[in-house]
1. Which order do you get for Phe305, Phe339, Phe279 if you rank them by accessible area with a 1.4 Å probe, largest at the top?
2. Using only the Cα atoms, work out Rg/Rh for the range 146-219, with Rh taken as the Kirkwood radius, to two decimals.
3. Excluding residues on the same chain fewer than 8 positions from Lys235, give the lysines whose Cα lies under 29 Å from its Cα.
4. Accessible area of Thr81, 1.4 Å probe, to the nearest 10 Å²?
5. Taking 0.36 nm per residue of separation and subtracting the Cα-Cα distance, what length does fully extending Glu272 through Thr19 add?
6. Considering all projection directions equally, how large on average is the shadow of the alpha-carbon convex hull of the range 173-216, in square nanometres?
7. Once ligands and nucleic acids are excluded and a 1.4 Å probe is used, how much of Glu298 is accessible, expressed in Å² to the nearest 10?
8. Can you bin the range 26-112 into rounded, prolate or oblate? Criterion: square roots of the alpha carbon gyration tensor eigenvalues sorted a ≥ b ≥ c, rounded for a/c under 1.5, prolate for a/b above b/c, oblate for the rest.
Amino acid sequence: MLTVNAIAATSATDPLVRTTVERRDLGPRDVLIEIRYAGICHSDIHTVRGEWGDVPYPLTVGHEIVGTVAEVGAEVSRHATGDRVGVGCMVNSCRTCDNCKAGQEQYCLDGNTGTYASVDRDGTVTQGGYTTHIVVDEDFVLRVPEAIPYEKAAPLLCAGITTYSPLSHWKAGPGTKVAVVGMGGLGHMAVKIAVAMGAEVTVLSQTLGKKDDGLAFGAAHYYATGDPATFEVLKNSFDLIINTVSAPIEMASYLRLLRLDGTLVSVGAPPEPLAVPVFALFGNRRSFAGSSIGGIAETQEMLDFCAERDIAPEVEVIDAEAVNEAYERVMKSDVRYRFVIDVDTLR
Ligand code: NAP
Ligand code: ZN
Ligand code: ZN
């Protein structure tokens, strides 16, 4: 057992504090990773604040993890000491259900093992990436291409794959019009990836405050959702809308922006239900869908895609001490565009 420095939440309301977590001894198929950077996802905040349900406190969150392989178990074949690697939102799955066999481990019918707050196979609660080391089964460890700097690779492990997967599944590409709602961590990656796939991208943000950035990321158009005229001008426009907003949105207005057979996919996960008026679906035979992260093979595909296309998130690297302040800034949509913890500041 390895005891390592970490930051943890102890309740829904108290600030995160420094502590330690235990890492299991290396099993034959395990990889010990020395973590370098860990991204801050809004899901970390929903989780520690108890917005998604009961929390097994104390809990260390973080599922955008990159670092270097420090040691491997006897049977590990995919990774070697010194490799640049990453871990995303899940660390195991049943591997035998139809969805796992189809490479869709995120939809494991038995429930995938989350990187944090899940019950691991040894009965302990999984602890995430705001820490110096993690032990993960080799099948759930990704290769981080040399072309992507460590700190920029971290957000790809959740924000990158969560937007890449629906963009790929719903075939964003040349000739398609894609709107991205909310330009935070996920949203800005959705813009960059959809642009790289060849789609015509429109950003729908609360204000025009980040318009220059959105256009620099390759978006063709940028509208403020705070202006009611936006919903008139853009009616019946999009093939695909990716909603990344962490709070409920007024669904009818957004659904009406879809053209014939268009789909609105929510990756945003507010604790409250999203109310869908069916009449907003009837027009243009619209669809409303959800999407959760991506499979392991697809996550590797996304990392390689980003390396080849020179796509990377915009990050603000912070010390471990600044996590609580960073959470407050995320809550105010004051993030450009992902906070990443320099885990060396925890050593
Ligand atoms: P984030 O960085 O906080 O970005 C969310 C963005 O939504 C904000 O930047 C803001 O964009 C907009 N927004 C926030 N509050 C709003 C409100 N009240 N009304 C309208 N717009 C608002 O969060 P994130 O890390 O990208 O995560 C976004 C959501 O995705 C969270 O709910 C998270 O839990 C979820 N998530 C889901 C998955 C999955 O697998 N499905 C994976 C990761 C995260 P503007 O400033 O541009 O308006
Ligand atoms: Zn996440
Ligand atoms: Zn399964």
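1. Numbers: Phe305 30, Phe339 5, Phe279 150 Å².
Final ranking, largest accessible area leading: Phe279, Phe305, Phe339.
2. Details: Rg = 12.1 Å, Rh = 12.5 Å.
A ratio of 0.97.
3. Here the lysines satisfying the reach criterion relative to Lys235 are Lys171, Lys177, Lys192, Lys210, Lys211, Lys332.
4. 90
5. Numbers: separation 253, 0.36 × 253 = 91.08 nm, distance 3.16 nm.
My answer for the length gained is 87.9 nm.
6. Numbers: hull surface 10.7 nm².
Here the figure is 2.7 nm², rounded to one decimal.
7. 40
8. Working: a/c = 2.18, a/b = 1.22, b/c = 1.79.
Oblate shape, in that a/c is at least 1.5 and b/c is the bigger or equal ratio.
The values are calculated or read from the model by the stated rules, or taken from the named source; none is laboratory data. Predicted model, so just to flag it, every value in this text is computed and none were measured. With ideal geometry, Cβ positions are generated from the backbone for all residues, glycine too; neighbour counts draw on all protein chains shown. The area values use the complete protein model at the heavy-atom level, side chains included, leaving out ligands, DNA and RNA. Shrake-Rupley method; radii C 1.70, N 1.55, O 1.52, S 1.80 Å.
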